[in-house]
1. Checking residue 293 against (1) surrounded by 15 or more Cβ atoms within 10 Å (Cβ to Cβ); (2) without any contact (Cβ under 8 Å) to a residue 24 or more places away in the chain, which single condition isn't satisfied?
2. In the list 127, 158, which residue meets the criterion of being in a strand (DSSP E or B) and out of contact with any helix residue (DSSP H, G or I) (no Cβ under 7 Å at 6 or more places or on another chain)?
3. Among residues belonging to segment 1-24 that are in contact with a strand residue (DSSP E or B) (Cβ under 6 Å, 6 or more places away or on another chain) and assigned to a loop (DSSP other than H, G, I, E, B), point out the one that is modelled with the highest pLDDT.
4. Among (1) within 19 Å of residue 101 (Cα to Cα); (2) within 16 Å of the ligand (Cβ to nearest atom), which single condition is residue 191 missing?
5. Could you figure out which of (1) in a loop (DSSP other than H, G, I, E, B); (2) more than 30 Å from residue 295 (Cβ to Cβ); (3) modelled with pLDDT under 95 isn't true of residue 186?
6. Of the residues that sit in segment 25-62 and are within 30 Å of residue 188 (Cβ to Cβ) and loosely packed, with under 15 Cβ neighbours inside 10 Å, which one is nearest to the ligand (Cβ to nearest atom)?
Ligand code: C5P
């Protein structure tokens, strides 16, 4: 019996993140290039007839009630489309919380995509992105993934075509960063030069890590490092190791705490992750860029007897 829907929820990195200004609603106007990568969480969703939504998670500290965006996503769909059925959701986390990798947002978008199929709602990408934007700023990006320029609060998604195969060593410090706190003390406006932005877009289009590497930009970097000086210290160590890791640059992911190091091959990314782990004594993962998965990608029916 194929009654469980398994869905993957990949992480993202920001190849650029510009703060264009402060908005009247308290948010910041952004322009950011996001790229999905194959470090991912997995959700298994099992239908239940009594209308209840339940969530269990294998990682301590992750809320399992209304405080989790996964539960909020299921409730939003239930309310908007008068769904009487419920679900049990099992969430297995690989993406740490508070790392700037969009883990919670991706779990949320994966739930929207999976329930769209399970509850036969037949919503298109635009509608799912609209609902996703009500739940959080970077959730719409994860509806289709791939590589995109995101503007507004981050919720306006414009796909950026690319053939790029990029690889990352991702340093995951053992402390979370509060996105709200970093935004609260970042500069009101911090943007790239026109040339820098043109270069990074062109680098992404060509899949040219050298061009991307010279234009990496994150406006939140300064505020995040001021709050967590260890982030600056880790990046200085990454710089020292750069000649031996064959990397094309590094950057804070979103508001941190994770930092990616850009590579042109899986082999070099793995080597760098090993070196960084040995030197810094923190968790390091490798990840590769992922293409757009479309509405029904990364979804799989699973036999409940195998679980
Ligand atoms: O939208 P989301 O809940 O992910 O945002 C978390 C927090 O980050 C917001 O409450 C806000 O303080 C800050 N933020 C912002 N400008 C954005 C996105 C997020 O100030 N564009």
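1. Here residue 293 clears every test but (2).
2. Numbers: 127 fails: in a strand (DSSP E or B).
Checking each option against the conditions leaves just 158.
3. The extreme case among them is 23.
4. For residue 191, the failing item is (1).
5. Residue 186 satisfies all of (1) in a loop (DSSP other than H, G, I, E, B); (2) more than 30 Å from residue 295 (Cβ to Cβ); (3) modelled with pLDDT under 95 except (3).
6. 27
Condition check ((1) more than 21 Å from residue 222 (Cα to Cα); (2) surrounded by fewer than 24 Cβ atoms within 10 Å (Cβ to Cβ); (3) free of Cβ contacts under 8 Å to residues at least 12 places away in the same chain; (4) over 13 Å from the mean Cα position of the chain (by Cα)) across all residues:
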| position | (1), (2), (3), (4) |
| --- | --- |
| 129 | yes, yes, no, yes |
| 136 | yes, yes, no, no |
| 140 | yes, no, no, no |
| 143 | yes, no, no, no |
| 152 | yes, yes, no, yes |
| 156 | yes, yes, no, yes |
| 159 | yes, yes, no, yes |
| 174 | no, yes, no, yes |
| 180 | no, yes, yes, yes |
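Quick grid of which residues meet (1) touching a helix residue (DSSP H, G or I) at 6+ places or on another chain (Cβ under 8 Å); (2) without any contact (Cβ under 8 Å) to a residue 40 or more places away in the chain; (3) closer than 21 Å to residue 106 by Cα:
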residue: 255; (1), (2), (3): yes, no, yes
residue: 260; (1), (2), (3): no, no, yes
residue: 274; (1), (2), (3): no, yes, no
residue: 286; (1), (2), (3): yes, no, yes
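The values are calculated or read from the model by the stated rules, or taken from the named source; none is laboratory data. As the structure is a computational prediction, the values presented were derived from the model and not from experiment. Positions of Cβ are backbone-derived with ideal geometry, glycine not excepted, and every protein chain shown enters the neighbour counts.
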